[in-house]
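Just below is one structure, and these are the notes that go with it.
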Amino acid sequence: MRKDVLDKIKLDPQLHHYLRLNPIWYRRLGRQPESLHDMRKQAKVFYGKTFPQRVDQINKNMQMAMMMIDMMKQVQDQ
């Protein structure tokens with residue numbers, strides 16, 4: 001793997017960790033260094049950093065908060 005590609009990966013700890021978990025990327029990046037962009041996309045999906053995944057997580061958190069508020073209201077009414 002080229003040194004400049006490895007340096008870019010090491011700047012992002014999550015990307016470096018993803019590379020360690022998926023060693024197939026060592027071979028791909030060694031042969032096609034321009035596929036670093038594809039690796040970053042896959043790492044974002046893996047870590048749940050894409051926009052739809054974040055929106056889904058916010059939605060889940062909001063539902064949990066609403067459920068807690070409803071439970072507190074029920075306890076107060078008793």
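Things to note:
- Considering residues of segment 50-78 that are closer than 30 Å to D38 by Cα and charged (D, E, K, R) only, the residue least open to solvent (accessible area, probe 1.4 Å): D56
- Some residue of segment 65-77 being out of contact with any His (no Cβ under 6 Å at 6 or more places or on another chain), among the basic types (K, R) and either touching a residue at least 12 places away in the same chain (Cβ under 8 Å) or outside any helix (DSSP H, G or I) (or both): no
- Qualifying position, being of a type in the set (K, R), in contact with a helix residue (DSSP H, G or I) (Cβ under 6 Å, 6 or more places away or on another chain) and surrounded by 11 or more Cβ atoms within 10 Å (Cβ to Cβ), among K10, K44: K10
- Apart from one condition, G30 fits all of (1) open to solvent by less than 70 Å² (accessible area, probe 1.4 Å); (2) in contact with a helix residue (DSSP H, G or I) (Cβ under 7 Å, 6 or more places away or on another chain); the exception is (2).
The values are calculated or read from the model by the stated rules, or taken from the named source; none is laboratory data. Model, not experiment: these values are computed from the prediction. Reconstructed Cβ throughout: ideal geometry from the backbone, glycine too, with neighbour counts over all protein chains shown. What goes into the accessible areas is simple: the full protein's heavy atoms, side chains included, and nothing from ligands, DNA or RNA. Shrake-Rupley method; radii C 1.70, N 1.55, O 1.52, S 1.80 Å.
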